[in-house]
Amino acid sequence: MNYFSSDFKLGILGGGQLGKMLLFDTRKFDIQTYVLDPSEEAPCRIACNHFFQGDLMDFDTVYEFGKKVDVLTFEIELVNLEALEKLESEGLKVYPSPKTLRSIQNKGRQKDFYTQNNIPTAPYKRFNDLENLKSEIVNQQSTIQLPFVWKCTEFGYDGNGVKIIRQVADLDSLPNVECIAEEMIPFKNELAVIVCRNPSGEIKTYPVVEMEFHPEANQVEYVICPARIDDAVAEKARAIALNVSQNFNHVGLLAVEMFQTEDDDVIVNEVAPRPHNSGHYSIEASYTSQFENHLRAILDLPLGDTDSKVAGIMVNLVGEEGYSGNVVYQNIEKILGWNGVTPHIYGKKQTRPFRKMGHVTIVNENMTEARKIAENVKNTIRVISE
């Protein structure tokens with residue numbers, strides 16, 4: 001198949017900001033793109049060749065969409081697996097594969113996968129629903145002790161579906177769904193490594209990044225590359241990420257989120273089989289962005305250089321508390337005069353508290369200076385409503 005011919009069609013399930021940034025590189029290669037998303041105001045709509053509005057969890061919608069394209073990928077994990085499996089069985093190239101996605105889509109299965117493959121991860125226990133979890137905790141029958149981390153196994157995103165449980169009463173506000181209780185691990189840093197792999201088996205990792213989280217929203221506030229950690233810890237993190245990738249046998253990008261413990265061990269928290277928030281810095285700071293390398297990987301092209309040209313920090317722009325409605329990016333013009341600062345606006349029309357609305361990348365040869373500018377960016381821009 002000639003990926004650079006005029007009749008080649010790439011399909012993307014999901015039309016959010018990840019797809020929009022991927023479309024920049026499809027345009028660079030002049031690849032014809034088809035996008036499916038449930039929202040008529042999806043960010044991808046303005047940048048793809050053909051846009052289809054539809055339910056990503058509906059079998060017929062996803063199956064019929066897949067029949068229109070030559071290669072199918074996704075920018076969100078919540079898609080109909082059975083449709084992907086049928087398309088793949090009929091010869092369509094689907095990357096990452098439905099088999100990989102099935103192991104990742106449910107966080108309970110994902111945790112089981114780590115233990116089955118001797119990948120270091122926090123101790124946990126799966127529960128069919130919240131009531132079973134509550135019963136075990138109240139009766140002190142569980143191997144997981146308070147405090148612990150509660151996670152719903154499906155449909156969680158951007159800090160939703162995760163909560164620290166410090167007392168039994170904290171469980172009362174949670175939905176009665178399948179979930180896991182995970183032991184709280186004291187850690188120094190939250191790290192991430194993005195791995196890219198093509199069907200021919202070529203594999204590369206990006207440098208280890210460090211993530212600083214918003215204390216209330218449980219969302220990444222800053223991504224710092226390179227991580228401010230010892231080389232030995234960085235090498236350990238990259239080796240674990242490669243091991244995770246090879247066990248999943250994925251094609252495309254795999255973002256591996258990890259904890260660096262107080263003893264400098266590295267354990268896996270969770271993964272995402274797609275371009276990821278922890279790799280946005282790469283658009284400006286790397287020789288090859290994560291989005292271009294995802295495209296290269298799923299088209300089985302040689303992978304690009306994952307090294308950084310310069311230190312980079314990414315600042316997430318999220319909706320401010322107390323504001324919902326038509327979005328306004330207040331003071332954004334002020335940062336445009338600052339050297340090494342590049343804003344990315346995702347194109348979502350409506351803001352709400354903590355919704356991801358954009359990001360800003362700061363590149364600088366001096367990491368300390370970059371971090372200082374990132375703080376100024378965060379304190380200058382306000383994502384509010386009219």
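Read-outs throughout are calculated quantities, based only on the coordinates presented, and are distinct from any laboratory measurement. None of these values were measured; they are calculated from a predicted model. Counting neighbours? That spans all protein chains shown, and the Cβs are built from the backbone with ideal geometry, glycine included.
See the values below:
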read-out: The range 99-180, Rg to Rh (Cα coordinates; Rh as Kirkwood inverse mean 1/r); value: 0.96
read-out: At 1.306 mPa s and 10 °C, Stokes diffusion of the range 268-353 via Kirkwood alpha-carbon radius, µm² per second; value: 103
read-out: At q = 0.13, 0.19, 0.21, 0.24 Å⁻¹, base-10 log of I(q)/I(0) for the range 43-127 (Debye sum, equal scatterers on each alpha carbon); value: -0.52, -0.88, -0.99, -1.16
read-out: The range 1-102: mean projected area of Cα convex hull, nm²; value: 5.7
read-out: For the range 311-355 versus the range 25-62, the gap between their alpha-carbon centres in whole angstrom; value: 24
read-out: At R0 = 30 Å, FRET efficiency that the Cβ-Cβ distance of D60 and V177 yields, to 0.05; value: 0.70
read-out: Modelled FRET efficiency - R0 25 Å, E40 with S324, Cβ distances, 0.05 increments; value: 0.85
read-out: Rg in Å to one decimal, and Dmax rounded to a whole Å, for the chain via C-alpha atoms; value: 20.6, 65
read-out: Sorted peptide list for 12-19, 326-333, 123-130, criterion being average Cβ within 10 angstrom, highest first; value: 12-19, 123-130, 326-333
read-out: In the range 226-271, GluC sites (Glu not before Pro) in a DSSP loop with at most 13 other beta-carbon atoms within 10 Å; value: E262
read-out: FRET E, pair N139, D7, Förster distance 56 Å, beta-carbon r, rounded to 0.05; value: 0.35
read-out: Cα-centred dipole magnitude for the chain, charges only on beta-carbon of K, R (+1) and D, E (-1), debye, nearest 20; value: 460
read-out: Dimensionless Rg over Rh [the range 89-239; C-alpha; Kirkwood]; value: 1.00
